[in-house]
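Participant: Dropping a structure here in structure tokens format, bear with me for questions.
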Amino acid sequence: MSHSAIQTIMNHRSIRKFKDKKLTEEQIQTIVEAAQMASTSSYVMAYTIIGVTDERIKEKLAAISGQTYVQNNGHLFVFCGDLHRTEQLGSQEDREQMQQSLASPEQFIVMTVDAALASQNAAIAAEDLGLGICYLGSLRNDVYQVSELLQLPERVVPLFGMAVGYPDHEPEQKPRLPIDVIYHENHYQPFEHQLPFIKDFDKKLHSYYEKRKQNNRNDNWSKQMIRKFSTPTRMDVGTFLHEKNINNQAD
Ligand SMILES: Cc1cc2nc3c(=O)[nH]c(=O)nc-3n(C[C@H](O)[C@H](O)[C@H](O)COP(=O)(O)O)c2cc1C
């Protein structure tokens, strides 16, 4: 990497407006190869990355997500959890033997963690190349349609997308929770110990949102979280996973 990795990581902010310039094949390959070098549970590599270049598919994905930058970017990646490949390796008999494990919540965690680690390596590689990124959980607004558009077989599920490209805005960095809230020594710190730090953070975030140039508002982190979790979203994801024979442990 050209910069120090830490410098690149600490400079992160999500980019939601990109210049009208595509990534080169070389850039795409560097990003994917970096993704592949992430650690992977038991060497399973339980993920597949789909680069979407077909504008018609991108348009449909953008409609699902409701976000223009799903279409307007330098390249669009979709990170999928994948246990299909692993299953297909076996004979009919092997596959029957593998069913219980492949459908277990444990293996769902494995595919999700593997995909997340790979994607974050991709993000850092892209940012190190001077590009910007935005993760896109919004693709899960309609997991069924995304799966159909990308022709995902059984045991392959779309987890999230990532738009990559040349930044066309310079958003301010979004503050993070104080380190005392996130990092605990030896044992879990009770919530009461975390609360004063969270209150400080809420004040900080309130002024961040008030001062922010774009989309400024009267809000803080606690209010945001309570609002978010008060409205269940994407409740069809559980059924979708079951139908894909993932996270589908028999009782
Ligand atoms: C798995 C995942 C899914 C996300 N989905 C979206 C999304 O659909 N749309 C979006 O604009 N940002 C999305 N984000 C970006 C977050 O909103 C962003 O990382 C967070 O607000 C912190 O801001 P920052 O990345 O600029 O520091 C997603 C991030 C992650 C990790």
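Participant: With Kirkwood's inverse mean 1/r over C-alpha pairs for Rh, give me the Rg to Rh ratio of the range 28-91, two decimals please. List each step's numbers first, then the result.
Facilitator: Working: Rg = 14.5 Å, Rh = 13.7 Å.
Ratio value, two decimals: 1.06.
Participant: If you don't mind, another one. Can you tell me which of H75, H184, H206 moves the most in a GNM of the chain? Springs connect C-alpha atoms under 10 Å apart.
Facilitator: H184
Participant: Using a Gaussian network model on the chain with a 10 Å cutoff between Cα atoms, which of L177, L102, L61 fluctuates the most?
Facilitator: Most flexible of the set in this elastic network: L177.
Participant: Can you list the equivalent-ellipsoid semi-axes of the range 87-225, largest first and in whole Å, using the square root of 5 times each Cα gyration tensor eigenvalue?
Facilitator: 37, 23, 15
Participant: How about K244: which lysines have a C-alpha closer than 24 Å to its C-alpha, ignoring those fewer than 8 places off in the same chain?
Facilitator: K58, K60
Participant: Under the Kirkwood approximation for Rh and a Cα-based Rg, what ratio Rg/Rh is obtained for the range 48-137?
Facilitator: Numbers: Rg = 16.4 Å, Rh = 15.2 Å.
On the Cα set of the range 48-137, Rg over Rh gives 1.08.
Participant: Then there's this: Using the Cβ atoms and a cut-off under 14 Å, what net charge is assigned to the surroundings of C80, where Lys and Arg are +1 and Asp and Glu are -1? Walk me through the numbers on the way to the answer.
Facilitator: On the way: positive: R85, R140, R155, K244; negative: D82, D114, E148, E154.
Combined, the nearby Lys, Arg, Asp and Glu give 0.
Participant: If I model the range 179-226 as equal point scatterers sitting on the Cα atoms and use the Debye formula, what is log10 I(q)/I(0) at q = 0.24 Å⁻¹?
Facilitator: The calculated log intensity ratios at q = 0.24 Å⁻¹ are -0.86.
Participant: Shifting gears a bit: Translational D (Stokes-Einstein, µm²/s) of the chain at 20 °C and 1.002 mPa s when Rh comes from the Kirkwood sum over C-alpha pairs? Intermediate values should be presented prior to the final figure.
Facilitator: Details: Rh = 20.2 Å.
This corresponds to a translational diffusion coefficient of 106 µm²/s.
Participant: Would you mind checking K174/K203; K17/K203; K22/K213; K174/K199 for any pair whose Cα atoms are more than 23 angstrom apart? Don't skip to the answer; put the middle values down first.
Facilitator: Values: K174/K203 14 Å; K17/K203 28 Å; K22/K213 28 Å; K174/K199 17 Å.
Cα-Cα > 23 Å for K17/K203; K22/K213; rest within.
Participant: Along the charge dipole of the chain, which of Q27, L177, L150 sits closest to the positive end, that is, farthest toward it, with unit charges on the beta carbon of Lys, Arg, Asp and Glu (+1, +1, -1, -1)?
Facilitator: Result: L177, furthest along the dipole toward the positive end.
Participant: With each label point set 7 Å from Cα along the Cα-Cβ vector, what nm distance links E59 and R85?
Facilitator: Roughly 3.2 nm, to one decimal.
Participant: When the chain is fully extended, how far beyond the present Cα-Cα distance does S39 get from S207, taking 0.36 nm per residue of separation?
Facilitator: Working: separation 168, 0.36 × 168 = 60.48 nm, distance 3.85 nm.
Extra length available between S39 and S207 comes to 56.6 nm.
Participant: Right, something else. Which loop-located GluC sites (Glu not before Pro) does the range 101-160 contain, where loop means any DSSP state but H, G, I, E or B and the Cβ has at most 15 other Cβ atoms within 10 Å? Display every interim value, and only then the final one.
Facilitator: Numbers: sites: E106, E127, E148, E154; in loops: E154.
Loop-located and lightly packed - E154.
Participant: Can I ask one more? So what's the gap between the Cα centers of the range 221-243 and the range 1-74, to the nearest angstrom?
Facilitator: Comparing the Cα centres of the range 221-243 and the range 1-74, I get a distance of 24 Å.
Participant: Under 15 Å from the Cβ of Y144, count the other residues' Cβ atoms, weight Lys and Arg +1, Asp and Glu -1, and hand me the total. Write down the numbers at each step before the final one.
Facilitator: Details: positive: K60, R140, R234, K244; negative: D142, E148, E154, D236, E243.
Once all neighbours under 15 Å are counted, the net charge is -1.
Participant: Could you give the nm distance between label points at D200 and E154, where each point is 7 Å from its Cα heading toward the beta carbon?
Facilitator: Going from the D200 label point to the E154 one covers 5.4 nm.
Participant: What is the magnitude of the charge dipole of the chain about its Cα centre, with +1 placed on the Cβ of each Lys and Arg, -1 on the Cβ of each Asp and Glu, and no other charges, expressed in debye to the nearest 20?
Facilitator: Details: 27 positive and 32 negative charges, 274 e Å.
Roughly 1320 debye for the chain.
Participant: While we're looking at this one, here's another question. With equal scatterers on the alpha carbons only and no solvent term, can you work out the Debye log10 of I(q)/I(0) for the range 208-251 at 0.14 1/Å?
Facilitator: After summing over all Cα pairs, the log10 values are -0.58.
Participant: If you don't mind, there's one more thing I want to ask. Explain nothing, just compute: Karplus ³J(HN,Hα) = 6.51 cos²θ - 1.76 cosθ + 1.60, θ = phi - 60°, for every residue of the range 34-41 in order, whole Hz, x for Gly and Pro.
Facilitator: Here the 3J(HN,Hα) series is 5, 4, 5, 7, 4, 4, 9, 3 Hz.
Participant: Moving to a separate point now. Could you check which residue among Q194, Q27, Q67 shows the biggest mean-square fluctuation in a GNM of the chain with a 10 Å Cα cutoff?
Facilitator: Q194
Throughout, read-outs are computed from the coordinates displayed, never taken from laboratory work. The structure presented is a predicted model; accordingly, all values stated were derived computationally and were not measured. Cβ sites come from the backbone with ideal geometry, for glycine too, and all protein chains shown count toward neighbours.
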